[in-house]
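Since the structure comes first, as structure tokens, the remarks are kept for the end.
The values are calculated or read from the model by the stated rules, or taken from the named source; none is laboratory data. Remember, predicted model here, so these are calculated numbers, not experimental data. Every residue, glycine among them, receives a Cβ derived from its backbone with ideal geometry; neighbour counts consider all protein chains shown. The area values use the complete protein model at the heavy-atom level, side chains included, leaving out ligands, DNA and RNA. Shrake-Rupley method; radii C 1.70, N 1.55, O 1.52, S 1.80 Å.
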Amino acid sequence: MKNNIISILLLIVLFSCRQKLAQKEEVIEQTSNVITNNSLGIGNPILPGYFADPTIKKFGDIYYIYATTDNEMLASGAPTVWYSNDLQNWYNYTMEIPPFTSMPITNFWAPDIIESEDGKYYLYFGNCEIGCNIYGYVSDTPVGPWTKLDDNDKPVIPNGYPREGFPSLDAQFFKDTDGKIYGYWGTWVHYNGGYAVGELDAKTMANMVNSKNIPLTQTPDPFEAAYMMKKGDKYILMYSGDSCHDETYNVRYSYGDTPYGPFTEGTNNPILSTNEDHSTHGPGHHSVLQDGDVYYIVYHKHDYPMTRGGLSRQVCIDKMIFENDSTIKTVIPKSKGIENIVKSNVPKNIALNTNVTASSYYHLKSLEYNYEYKPEYATDNNNATIWKAGNNSLPQDLTIDLGSIQKIKRITTQFEFSSYYYQYTLEYSKDGKTWKMYADKSNNQTPESPMIDDNNVNARYMKLTVTGTEKSGLYAAVWNIKIYSSLFDIPLQLKNKKSDIAPAERSKKEMLVNLNLTNLSKDESLSSIKNKGALGGSFTKKGDVTLTIDDEGVIAIKFTNGSLFLDKPVPKTLAWNGSYTIATWVKNPEISNAGEILASWCDRHEFGLANSYNALAYNSGHYGAAPHLDGHFDMKYNKLPKANVWHHIVLTFDGVVEKIYVDGVLDNAQNMFLSSAIANAKIIIGSSDIGENYSGYMSSLRMYDYALNNDEITILLLKTKPKN
């Protein structure tokens, strides 16, 4: 009878929660953003992936885009370059850049490149690992391999130059008609007194001379990303304004009669900004391509649905028109992109606009978005859309129906992350029942974008099955898969190196940690508490942690100025973008605006960058619920849980969306990509790896290596509710 009553109560609560969820979903449906870039053959973005701060160049008959690799550890991905001979079909290559003497390079920010009079190529980029400096490298080709300009890692533009405290980032170089080369740099310049300008020493190409600051009054509302160009006799200093993290980001310009100015603000700023339907959101940090008398602006914008803080940017191109030598017309960003200004040798893609099915696809439902990552997005020749499997378990498959039996000689596949390898198979069939192998890449460890697989078969159906990924938590996800009946030449044909990293471990759908106070008495010393979860091991205390009974008669751990450390390493399934749930019952007598970390499981010292830090917090500050080291990326509580009351707080992440639940109700959510660093991490309860202690009560804590759904969270709430 008792069990029946509990079951009935569970059903009643579940029904009530489903009603609340349905009401929330109805609101989501009504307020969901409508975006206009989910169409067939859209031209923007031009690159399939997350890249920012693009510099476009044309050397010979090849176009190159050098960019920041986005969407990991505050834009600290691999130093890659994209190349194309038609501005339509792009190929990615990871460049060989020697590391610093003291550490590897993980910041490859806002690169620029110069072809010198001696035929060599000079590559410059920003880095904040050993000071926010601009470093330089040289090569005989536009893609490397690269050699340091200084063996001792002396920067070309050091931090604090030309004024103390000035951050030397976002450098762009401009060659004047007299052959002199000028550099323009600076970020957060509204805090730092304006941009800087100097002349690059043409003999060494490794240091600046005659440098000075450009007064803020000459570039109103600046932020970063200065870019100089010349039109007639006028020097056009373009730059990005407002904030790169949101819709306010924009492109502006001033003009002058010399490379040093003085500069006068353009009459119609900003010339590129978020458009009315938000299909171009937060555009900025650009470069310019001149083709004869025609100009094109190449810039980044935010992805859609937008990842929190603008972590996942994408590169676009649009036409830029001068009204006269000192006036740029407002740029009209177009999802369709630019006209085909170069004839392409790539034949018809026979997979375009075909019927596509998949083992699953992800449906994003949060407080902000209602969006489906549909299977057909893999064959729409559109870099704004992507097919993403329903969850990050593997294998996952995608099947293309060409409509009739056709000759298939080449398949190109653009997976979500170009810098990391995917393992997969391609199978073909004439009837959709009997399958044969077209290409077996199930042991692949070489990242390429696109992956190119050649064969010679006749088939109607093609099935892609993703079986593994290099990084934990990555989804089976494809920007575009294209099928061709004939082969074609590929410019440069560069090959990336094979990775020596083994395929990522996948979630076992386990409860890793179970801190359960059952059978403990209030007299326990807490010198060691057994972890009853699958990870095993024991917790040991550090500092002031005691077992007590609160004023409601609940047996609880009281954290005063201490924490509990698990003696087992953080499992690899939680690395990088691994999914998780952490659920706890807590009572916080006094809620502060900082710290109050309930649990953490990362090594902040390994990278120390935003979104490499993961924890669950209970404070009223910007850390809020989910800290990622920066207010632009942290997730706060929309409704702060009331002090001195027992609350069930649950933080989940499924590899796409981070959610915080309070007492079974979704309180906040955000799109996120984590890049978690766990190599030397510990699972800590009651603080972070640098302190930030929680001061309050906790009756239980559970941690899983997957994201619980709404119903599972409700059941967990009822099963674990503190008893007096």
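A few notes on this one:
- Taking the criterion of being buried (at least 16 other Cβ atoms within 10 Å of the Cβ), touching a Gly at 6+ places or on another chain (Cβ under 9 Å) and either at pLDDT below 95 or outside any strand (DSSP E or B) (or both), the residues of the range 261-279 that qualify are 263, 269, 270, 273, 274.
- Residue-level analysis places residue 545 among those that are more than 35 Å from the chain's Cα centre (by Cα), closer than 30 Å to residue 587 by Cβ and surrounded by 18 or more Cβ atoms within 10 Å (Cβ to Cβ).
- Evaluation of residue 365 against (1) modelled with pLDDT of 95 or more; (2) open to solvent by 50 Å² or more (accessible area, probe 1.4 Å) (one fails), failing number: (1)
- Taking the range 135-156 as the range and being within 30 Å of residue 493 (Cβ to Cβ), in a loop (DSSP other than H, G, I, E, B) and under 28 Å from the mean Cα position of the chain (by Cα) as the test, the residues that pass are 142, 143, 144, 145, 146.
- All positions within the range 411-426 that are more than 13 Å from the chain's Cα centre (by Cα) and touching a residue at least 60 places away in the same chain (Cβ under 8 Å): 411, 412, 413, 414, 415, 420, 421, 423
- When 243, 211 are screened for being modelled with pLDDT under 95, open to solvent by 10 Å² or more (accessible area, probe 1.4 Å) and more than 24 Å from residue 319 (Cβ to Cβ), only 243 passes.
- Of residues in the range 96-134 being polar (S, T, N, Q) and not in a strand (DSSP E or B), the one most open to solvent (accessible area, probe 1.4 Å): 101
- All positions within the range 451-510 that are out of contact with any Ser or Thr (no Cβ under 8 Å at 6 or more places or on another chain), under 30 Å from residue 372 (Cα atoms) and β-branched (Val, Ile, Thr): 466, 469, 483
- Just so you know, in the range 171-208 the residues that are surrounded by 14 or more Cβ atoms within 10 Å (Cβ to Cβ) and of a type in the set (Gly, Ala, Ser) include one that is modelled with the lowest pLDDT, and it is 193.
- Screening the range 641-683 for residues that are free of Cβ contacts under 8 Å to residues at least 60 places away in the same chain and not in a strand (DSSP E or B) and picking the one that is nearest to residue 471 (Cα to Cα) gives 663.
- Among residues of the range 315-330, those that are open to solvent by 10 Å² or more (accessible area, probe 1.4 Å) and β-branched (Val, Ile, Thr), counted: 3
Conditions tested, residue by residue: (1) modelled with pLDDT of 95 or more; (2) touching a Phe, Trp or Tyr at 6+ places or on another chain (Cβ under 6 Å); (3) closer than 23 Å to residue 65 by Cβ.
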residue	(1), (2), (3)
115	yes, yes, yes
121	yes, no, yes
139	yes, yes, yes
164	no, no, no
167	no, no, no
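- Which numbered condition residue 518 fails, given (1) within 24 Å of residue 708 (Cβ to Cβ); (2) open to solvent by 10 Å² or more (accessible area, probe 1.4 Å); (3) in a strand (DSSP E or B): (3)
- Any chance residue 643 is open to solvent by 10 Å² or more (accessible area, probe 1.4 Å) and more than 24 Å from the chain's Cα centre (by Cα): yes
- Whichever residue in the range 136-146 is touching a strand residue (DSSP E or B) at 6+ places or on another chain (Cβ under 6 Å) and under 14 Å from residue 105 (Cβ atoms) and, among such residues, is surrounded by the fewest Cβ atoms within 10 Å (Cβ to Cβ): 146
- On the stretch given as the range 386-401, residues that are open to solvent by 30 Å² or more (accessible area, probe 1.4 Å) and among the aliphatic types (A, V, I, L, M) total 1.
- Any pair with Cβ under 9 angstrom, 6 or more apart, that starts in the range 317-329 at a residue that is more than 28 Å from residue 42 (Cα to Cα) and ends at one that is hydrophobic (A, V, I, L, M, F, W, C) and surrounded by 13 or more Cβ atoms within 10 Å (Cβ to Cβ): 325/236; 326/236
- Residue 416 fulfils the conditions (1) under 20 Å from residue 360 (Cβ atoms); (2) open to solvent by 30 Å² or more (accessible area, probe 1.4 Å); (3) charged (D, E, K, R) except for a single criterion, (2).
- Only a single criterion out of (1) crowded, with 21+ Cβ neighbours inside 10 Å; (2) at pLDDT 95 or above is not satisfied by residue 678, namely (2).
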